[in-house]
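Structure first, commentary second.
The values are calculated or read from the model by the stated rules, or taken from the named source; none is laboratory data. In this text, all values refer to a predicted model and were calculated from it rather than measured experimentally. Every residue, glycine as well, gets a Cβ built from its backbone with ideal geometry; the counts of neighbours run over all protein chains shown.
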Amino acid sequence: MKHDLYPAPRCPRISVAGSALTLPVRRIWCVGRNYHAHAVEMGAQGEPQPPFFFAKPAHALVANPVRIPMPPQTCELHHEVELLLVLGRGGHNLTVDAAAQCIIAAGVAVDLTRRDVQALAKQQGRPWALAKGFDFSAPCGEVALVDEPLPADAELALWVDGVQMQRGRLAQMIAPQAAVIAALSQQVRLAPGDVILTGTPAGVGPLSPGQTVRARIDGLPELTFEIGEPDTMATTEQHVTAEDVLAFWFGEPGTPVESQFQIWFKKDPELDALIRTRFEGALQRATRGELDSWAETPRGRLALIILLDQFSRNMYRDTPAAFAQDEQARALALAGVELGHDAALAPIEAAFVYMPFEHGESMAWQERAVASLTALTERTDLAVIKSFVTYAHKHHEVIAEFGRYPHRNAILQRDNTEAEEAYLAQPGAGF
Ligand code: MN
């Protein structure tokens, strides 16, 4: 069984206004110099020239942003208001008519540009990928579903702190909407989820932290966001989410419970190492209380409990650190039961909310573990839940006899009693 070493990158999505639909983004294509007046302000001379294409990484897209952090290494962040088109179908060497039929949605985007970085790249004859494709460089609003290009008389405009800086009409595009798609399809094989920023009219200019950008195109949802201070988040740390934890522990939705036994019940050094690589940072944050907000929802609380009560046992197997988070996990489990979070989860998920009780070295915790897991058998016929109940009874017996788990004694530097020595000498003692 193979596991991803880190969470699969999430596909950016654009939201459809007034609908539950979202549009997954595959690639972001941009059109350069598609409005003659903008080409002129960028230094072009003579007759209008055919536009050209460049790209931004899909993850540069930020749907419905509130704030876009000021990007690093620029003193000249420029705004470019643009019509954004989403393709619902694709193809190669499309005719203009076929290209028009690929458009499934339209919205407003701002092609943020580090103009100084771009100017230097041009001067040096180098690519301007990083002038255009930096993090958060493609903010966009909600989109409207459409089945044809937008009317050419639609106006597009952009304001900075309420002052209008850009204004144009789609009719001014050198290559109109369908022609852009057709031209691009000569060069790449287009597919659903390809997004096109169709170029900007004149009036591009600088933005700085604290300024508010408002962009609109007739007939489409507006886009408003603020330019924030430079991003101060630690950029090297992968930020693990509660859903990352749950996807790892329970598999993707629809995964049969049995196929997770390899993860839940197997002592596998390679799996332990993988869990440590992927989740140790999150566990450390959890122990510092930095993930407490996860506990606001049943699924988030479950993820936090799995991190503190299960992943800790994998990561730090046979060391005291394996048990160091048990009290915190039990408090979360207890509060979750009081809030009814366990009842909002599937039985197999709720079972892991109760595991911190089973790990507790007191009869009160053991009785709670047996009772909670037994109650789950009224909600489901899953064989694994029945086996969890059997195991809960076995744990209960050990604590009833010794008042603690003898197999933890060596790890926690506790001396064994004679009775514990005898118990541990039996084959299969411990859990
Ligand atoms: Mn642009």
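Structure notes:
- Checking the stated criteria, Glu226 turns out to be out of contact with any Pro (no Cβ under 6 Å at 6 or more places or on another chain), charged (D, E, K, R) and not in a helix (DSSP H, G or I).
- Some residue of region 145-158 being closer than 18 Å to Val213 by Cα and of a type outside the set (A, V, I, L, M): yes
- For the criterion of being on the phi < 0 side of the Ramachandran plot and assigned to a loop (DSSP other than H, G, I, E, B), Ala344 passes.
- Taken over region 380-421, residues that are acidic (Asp, Glu), over 26 Å from Tyr316 (Cα atoms) and in a loop (DSSP other than H, G, I, E, B) amount to 1.
- Scanning region 375-396 for residues that are surrounded by fewer than 17 Cβ atoms within 10 Å (Cβ to Cβ) and touching a Ser or Thr at 6+ places or on another chain (Cβ under 7 Å) returns a single hit, Lys386.
- Members of region 393-431 found to be of a type in the set (Lys, Arg) and closer than 30 Å to Ala375 by Cβ, listed by number: Lys394, Arg404, Arg408
- Any hit, region 369-379, residues being in a loop (DSSP other than H, G, I, E, B) and under 35 Å from the mean Cα position of the chain (by Cα): yes
- Residue count for region 1-42 satisfying the condition of being over 22 Å from Val188 (Cα atoms) and not β-branched (Val, Ile, Thr): 23.
- So Leu190, is it buried (at least 19 other Cβ atoms within 10 Å of the Cβ), within 23 Å of Val66 (Cβ to Cβ) and out of contact with any Ser or Thr (no Cβ under 8 Å at 6 or more places or on another chain): no
- Residue list for region 256-274, filter: farther than 21 Å from Tyr354 by Cβ and either outside the structural domain of Tyr354 (by TED's automatic domain parsing) or not basic (Lys, Arg) (or both): Pro256, Ser259, Gln262, Asp268, Pro269, Glu270, Leu271, Asp272, Ala273, Leu274
- Test: residue in region 162-171 that is surrounded by 15 or more Cβ atoms within 10 Å (Cβ to Cβ), within 16 Å of the ligand (Cβ to nearest atom), assigned by TED's automatic domain parsing to the domain that holds Leu77 and not in a strand (DSSP E or B): yes
- The condition (being at pLDDT 95 or above, out of contact with any Cys (no Cβ under 6 Å at 6 or more places or on another chain), in the same structural domain as Asp218 (by TED's automatic domain parsing) and within 19 Å of Ala215 (Cα to Cα)) is satisfied by just one residue among Asn93, Asn34: Asn34.
- Region 193-236, subset farther than 24 Å from Arg26 by Cα and within 16 Å of the ligand (Cβ to nearest atom), residue surrounded by the most Cβ atoms within 10 Å (Cβ to Cβ): Pro201
- Only one of Asp161, Asp116, Asp153 that is at pLDDT 95 or above and touching a Cys at 6+ places or on another chain (Cβ under 8 Å): Asp116
- Residue within region 319-329 that is more than 20 Å from Ser372 (Cα to Cα), part of a helix (DSSP H, G or I) and either among the acidic types (Asp, Glu) or out of contact with any Lys or Arg (no Cβ under 7 Å at 6 or more places or on another chain) (or both) present: yes
- Residue check, Leu158 within 14 Å of the ligand (Cβ to nearest atom) and either free of Cβ contacts under 8 Å to residues at least 12 places away in the same chain or buried (at least 21 other Cβ atoms within 10 Å of the Cβ) (or both): yes
- Close Cβ contacts (under 7 Å, 6 or more residues apart or on different chains) running from residues in region 9-24 that are farther than 15 Å from Pro65 by Cβ and assigned by TED's automatic domain parsing to the domain that holds Asp135 to residues that are at pLDDT below 90 and in a loop (DSSP other than H, G, I, E, B) comprise Pro24/Cys11.
- Among the residues listed as Ala178, Ala138, the single one being surrounded by fewer than 22 Cβ atoms within 10 Å (Cβ to Cβ) and not aromatic (Phe, Trp, Tyr): Ala178
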